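The values are calculated or read from the model by the stated rules, or taken from the named source; none is laboratory data. Everything quoted here is computed from the prediction, not taken from an experiment. When we count neighbours, we look across all protein chains shown, and the Cβ atoms used for this are built from the backbone with ideal geometry, even at glycine.
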Amino acid sequence: MAAENLTSTSSSDSNSDGWLRQAEAAALLRVSPRTLEGWRLRGSSPPYAKCGRIVVYRRRDLEEFLLSRRRTSTSANPHGS
């Protein structure tokens, strides 16, 4: 599948399986693209796919990534210990 097909999404598309390029994913998460790059290097990023040099993220994976980081307190330990 061509990279163009992987990343083509319509703004009116409610499909949660749409693919987003790095800049679009970063905007959705409200972080910089460099932050996403750092997370990938450390192994703490949302799941992603590569097509050549293009990194893409599935919208549903980004939403799950955010949900997995929900907290009820600023003092809550994210590792549960």
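Data table
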{"item": "Residue in segment 32-49 that is in a strand (DSSP E or B) and at pLDDT 95 or above present", "result": "yes"}
{"item": "Any chance ARG59 is at pLDDT 95 or above, touching a Phe, Trp or Tyr at 6+ places or on another chain (Cβ under 8 Å) and surrounded by fewer than 17 Cβ atoms within 10 Å (Cβ to Cβ)", "result": "no"}
{"item": "Matching residues, segment 50-60, being in a helix (DSSP H, G or I) and within 11 Å of LEU28 (Cβ to Cβ)", "result": "ARG59"}
{"item": "Where ALA25 falls short, out of the listed (1) among the small types (Gly, Ala, Ser); (2) at pLDDT below 95; (3) surrounded by 10 or more Cβ atoms within 10 Å (Cβ to Cβ)", "result": "(2)"}
{"item": "Residue check, GLY38 under 18 Å from TRP19 (Cα atoms) and small (Gly, Ala, Ser)", "result": "no"}
